[in-house]
1. Need the list of aspartates and glutamates near Lys175 for cross-linking: C-alpha distance under 14 angstrom, and skip anything on the same chain fewer than eight residues off.
2. Binning at 10 Å from 0, report for the range 50-110 what percent of all alpha-carbon pair distances ends up in each bin.
3. Taking R0 as 22 Å, what's the FRET efficiency between Gln60 and Thr115 from their Cβ-Cβ distance, rounded to 0.05?
4. Take the range 117-195, compute every pairwise Cα distance, and split them into 5 Å bins from 0; I just need the percent in each bin.
5. Please give every one of the aspartates and glutamates within straight-line cross-link reach of Lys105, meaning a C-alpha to C-alpha distance under 15 Å, and leave out same-chain neighbours fewer than 8 residues apart.
Amino acid sequence: MGRAAARLLLFAMTIAFAAIVYACNKGDDRAQKGPNPPNGTGHDTLSDLTLNEDGLGQIQIGMTLDDAVNEGLLNENPNMNTKCDFVFPAVGAGIPDGVSVMVVKGKVARIDVDTGAVTTDDGAKIGDSEDRIKNIYGDDVQVEPHKYNPGWHYMTVMGDSASAGRAIVFETDGKKVTMFRAGRLPEVKWVEGCG
C-alpha cells in the first residue's frame, strides 16, 4: 500500500469514527437544568433557569403542592408539617441541587437558592458583591442588618412586585451574596424559615 492510499484509509477511518460518535450522541434527551419537563429538550444555560418574584421555571409562587407533585416538579414529603415545611425539586425536574421550596398551608410560598447554578431574571447570583446588587436593582434595594451575624445584611428587592406582595431577599456576609430567595410576603422575609 502506497503513502497516498494509507493517508486515504486513515482519513476514511477518522470520518467513520466521527460519524459513529455523532450517531451515538444524537437524540440524547436526558433532563438537564432548565424549566423543561423530564426528558424534554435539554438546555444548559443560566438564562433558562432564573428566579423571580413569581417563581423558578414551572414552579410558581401560589401553586398548590399537589399540582407541583402531579406535574413532576416537586417531591412529596409524607412527614411534612401542613402549616409550613420545605420540599425539594423532583429528580428529573431539571432543577439543580441547592434549591428548596417553602410550602405554607399547601401552597408554594417561597423558593430558596443556595447554588450558583441559578440567577435572578436580572442576572444576580450567589457570589455577587453587595455593590453589584445595588447597581442591578438601584433604589428598589432595602438593606437591613442580619438578625444573627453582625456586619452581614439582608438586601430586599421589592420593586414593582411590592403591590403584589412579593419580593426577592439576598443574604450577604457583608460583602457577597451567600444565598437568596423569592416569594410572597411575609414568608420571603422569615429569617428562620418555617421556624
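1. Output for Lys175: Asp128, Glu130, Asp131, Glu144.
2. In order of increasing distance, the bins hold 25, 62, 13 percent.
3. 0.65
4. Binned Cα distances yield the sequence 3, 16, 29, 27, 19, 6, 0.
5. Partners within reach: Asp66, Asp67, Glu76, Asp85, Glu187.
Where a number appears in this text, it was derived from the coordinates with a stated rule and is not lab data. Source: prediction; values computed, not measured. Glycine gets a Cβ as well: all are built from the backbone with ideal geometry, and neighbour counts include every protein chain shown.
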